[in-house]
Amino acid sequence: MTTTFDLSKFKGIIPAFYACYDEKGQISQERTYTLCDYYLQKQVHGVYVGGSSGECIYHNLEERKAVLTFVADRLKGKMTLIAHVGAPSTRDSILLAEHAASLGYDALSAIPPIYFTLPDHAVSRYWNDIIEATSLPFLIYNIPQTTGYTLRTSLYKELLKNKKVIGVKNSSMPTFDIERFKRTGGQDSIVFNGPDEQFVAGRIMGADGGIGGTYGAMPELFLIADQYIEQGKFREATQIQSEINEIITALCSLDGSMYAGIKEVLRRRGVNIGGVRLPLAGITVQDSTRINEIISLLQQAESRFTSERNN
Ligand SMILES: CC(=O)N[C@@H]([C@@H](O)[C@H](O)[C@H](O)CO)[C@@H](O)CC(=O)C(=O)O
């Protein structure tokens, strides 16, 4: 596969951007800018806007367009911007794709169609219809645990015949899938690791970078893990992954949703982006103490690994 796109921007640590709400639960322009500024300050390599962590599934078309607009206002030209445009209908996905292209996004991405189980040829047509709507490069989003659809390497190979397909954001759990997708696409393609719990393993198996839903709570830790991988320091990278996994495990054991927990961690650390939209569960009274413990874990890991890196 040869590509005409500059793939160097599709690497590193790319947080999946969170939905930012005001006190009434409406999309907040001001708080979206707050999250953009936080990521700029943390020096992540890009953001993935409007995906699972962005609660896209609970937003209407106008809200999704607004989020894409606010992020581009603040971050265009400052880091890589990837727009997730997957929606229940091809029509809405295309409208989002056209909107993202008009805002200067660097790439598009989409989950497969949801709700009805569709055959490969219909899924393939869905992705290709989105791809044909703009001139932007496209990243397939494989996330079988939420969509019920598994991308097979045979279909991936077919999709790669479209030169605008630059790779896959893979959220399936086996890191074997990452190796297979990288092998299928070759060095001239991109694979992003999805499961944050195995970021280091995914990178070692061939992922070029990661797009993740927990990066926002601990961008420094993922940036250091990524740097260790680049330097071939696999033992250090594995140690930091283990600390990251303590934090993810704690976040996933809250009564409220993991995203509610992450947003509360951010709020207590000075970045208020509101709560989560129903039916996602907000944090409970019991969660409040656990969140203090999560912040302690974060502080310990941040101080340990930032000082180790600086030595
Ligand atoms: C199933 C799921 O939500 N996976 C997350 C992970 O980052 C996940 O939150 C993390 O590994 C914790 O389990 C990402 O792959 C999703 C993502 O990048 C997105 O928000 O689009």
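The values are calculated or read from the model by the stated rules, or taken from the named source; none is laboratory data. All figures in this text were calculated on a predicted structure; none of them were measured in a lab. Because the Cβ atoms are built from the backbone with ideal geometry, glycine has one as well, and the counts that use them run over all protein chains shown.
Within segment 174-196, can you find the residues that are crowded, with 22+ Cβ neighbours inside 10 Å and hydrophobic (A, V, I, L, M, F, W, C)?
Within segment 174-196, Ile178, Phe181, Ile190, Val191, Phe192 qualify.
Looking only at segment 80-92, count every residue that is surrounded by 15 or more Cβ atoms within 10 Å (Cβ to Cβ), more than 14 Å from the chain's Cα centre (by Cα) and not polar (S, T, N, Q) and tell me the total.
Step one: filter segment 80-92 for residues surrounded by 15 or more Cβ atoms within 10 Å (Cβ to Cβ), giving 80-87, 90, 92.
Subset that is more than 14 Å from the chain's Cα centre (by Cα): 87, 90, 92.
This time we only want the ones that are not polar (S, T, N, Q), so: 87, 92.
Here the count works out to 2.
Can you name the residue in segment 67-87 that is farther than 22 Å from Tyr141 by Cα and part of a helix (DSSP H, G or I) and, of all such residues, is farthest from the ligand (Cβ to nearest atom)? Write out each step before concluding.
Of the residues in segment 67-87, the ones farther than 22 Å from Tyr141 by Cα are 70, 73-78.
Cutting the leftovers down to part of a helix (DSSP H, G or I) gives us 70, 73-75.
Details: Phe70: 17, Asp73: 21, Arg74: 19, Leu75: 17 Å.
Among those residues, the one meeting the criterion is Asp73.
Would you pick out the residues in segment 20-43 that are of a type in the set (Lys, Arg) and within 27 Å of Leu223 (Cβ to Cβ)? Don't jump to the end; show me each part of the working.
Here is the first cut: in segment 20-43, the ones of a type in the set (Lys, Arg) are 24, 31, 42.
Those that are of a type in the set (Lys, Arg) and within 27 Å of Leu223 (Cβ to Cβ): Arg31, Lys42.
Among the strands (runs of 3 or more DSSP E) lying completely within segment 137-231, list those that include at least 2 residues that are modelled with pLDDT of 95 or more and either closer than 16 Å to Gly12 by Cβ or over 16 Å from the mean Cα position of the chain (by Cα) (or both). It would help to see each step written out before you state the result.
Working: elements: 138-142, 165-170, 190-193, 209-212.
So the answer is 165-170, 190-193, 209-212.
Asn128 is checked against (1) surrounded by 20 or more Cβ atoms within 10 Å (Cβ to Cβ); (2) in contact with a helix residue (DSSP H, G or I) (Cβ under 8 Å, 6 or more places away or on another chain) and fails just one. What number does that condition carry?
Of everything listed in (1) surrounded by 20 or more Cβ atoms within 10 Å (Cβ to Cβ); (2) in contact with a helix residue (DSSP H, G or I) (Cβ under 8 Å, 6 or more places away or on another chain), Asn128 misses just condition (1).
Within the group Tyr58, Tyr39, which residue is surrounded by fewer than 22 Cβ atoms within 10 Å (Cβ to Cβ), of a type in the set (Phe, Trp, Tyr) and modelled with pLDDT of 95 or more? Before the answer, list the steps.
Details: Tyr39 fails: surrounded by fewer than 22 Cβ atoms within 10 Å (Cβ to Cβ).
Selected residue: Tyr58, the only one of Tyr58, Tyr39 that is surrounded by fewer than 22 Cβ atoms within 10 Å (Cβ to Cβ), of a type in the set (Phe, Trp, Tyr) and modelled with pLDDT of 95 or more.
Of all residues in segment 143-159, which are surrounded by 15 or more Cβ atoms within 10 Å (Cβ to Cβ) and in contact (Cβ under 8 Å) with a residue 40 or more places away in the chain?
Residue satisfying the conditions is Ile143 alone.
For residues that are hydrophobic (A, V, I, L, M, F, W, C) and over 16 Å from His84 (Cβ atoms), tally how many sit in segment 97-122.
Just the residues of segment 97-122 that are hydrophobic (A, V, I, L, M, F, W, C), to begin with: 97, 100-101, 103, 107-108, 110-111, 114, 116, 118, 122.
Restricting the remaining residues to those that are over 16 Å from His84 (Cβ atoms) gives 116, 118, 122.
Selection size over segment 97-122: 3.
Just to check your reading of the model, which residue among Ser52, Ser93, Ser8 is of a type in the set (Ser, Thr, Tyr) and free of Cβ contacts under 8 Å to residues at least 12 places away in the same chain?
Numbers: Ser52 fails: free of Cβ contacts under 8 Å to residues at least 12 places away in the same chain; Ser93 fails: free of Cβ contacts under 8 Å to residues at least 12 places away in the same chain.
So the residue among Ser52, Ser93, Ser8 that is of a type in the set (Ser, Thr, Tyr) and free of Cβ contacts under 8 Å to residues at least 12 places away in the same chain is Ser8.
Can you pull out the residues in segment 258-280 that are surrounded by fewer than 16 Cβ atoms within 10 Å (Cβ to Cβ) and either among the small types (Gly, Ala, Ser) or in a helix (DSSP H, G or I) (or both)? Full working, then the answer.
To start, the set of residues in segment 258-280 that are surrounded by fewer than 16 Cβ atoms within 10 Å (Cβ to Cβ) comprises 267-270, 278-279.
Passing the criteria: Arg267, Arg268, Gly270.
Right, Tyr215: in contact with a strand residue (DSSP E or B) (Cβ under 6 Å, 6 or more places away or on another chain), buried (at least 21 other Cβ atoms within 10 Å of the Cβ) and aromatic (Phe, Trp, Tyr) or not? Spell out the reasoning first.
Numbers: in contact with a strand residue (DSSP E or B) (Cβ under 6 Å, 6 or more places away or on another chain): yes; buried (at least 21 other Cβ atoms within 10 Å of the Cβ): yes; aromatic (Phe, Trp, Tyr): yes.
The answer is yes for Tyr215.
May I ask you to list the residues in segment 1-41 that are among the basic types (Lys, Arg) and under 21 Å from the mean Cα position of the chain (by Cα)?
Applying the first criterion (among the basic types (Lys, Arg)) to segment 1-41 yields 9, 11, 24, 31.
Within segment 1-41, Lys9, Lys11, Arg31 qualify.
Testing His59 on (1) away from the ligand (no atom under 16 Å from the Cβ); (2) more than 22 Å from Ala217 (Cα to Cα), one condition comes back false. Which one is that?
The one condition His59 does not meet is (1).
What residue, of Gly202, Gly186, Gly194, Gly209, is in contact with a strand residue (DSSP E or B) (Cβ under 8 Å, 6 or more places away or on another chain), touching a residue at least 60 places away in the same chain (Cβ under 8 Å) and either within 16 Å of Asn170 (Cβ to Cβ) or within 15 Å of the ligand (Cβ to nearest atom) (or both)?
Values: Gly202 fails: touching a residue at least 60 places away in the same chain (Cβ under 8 Å); Gly186 fails: in contact with a strand residue (DSSP E or B) (Cβ under 8 Å, 6 or more places away or on another chain); Gly194 fails: touching a residue at least 60 places away in the same chain (Cβ under 8 Å).
Criteria check complete, one pass: Gly209.
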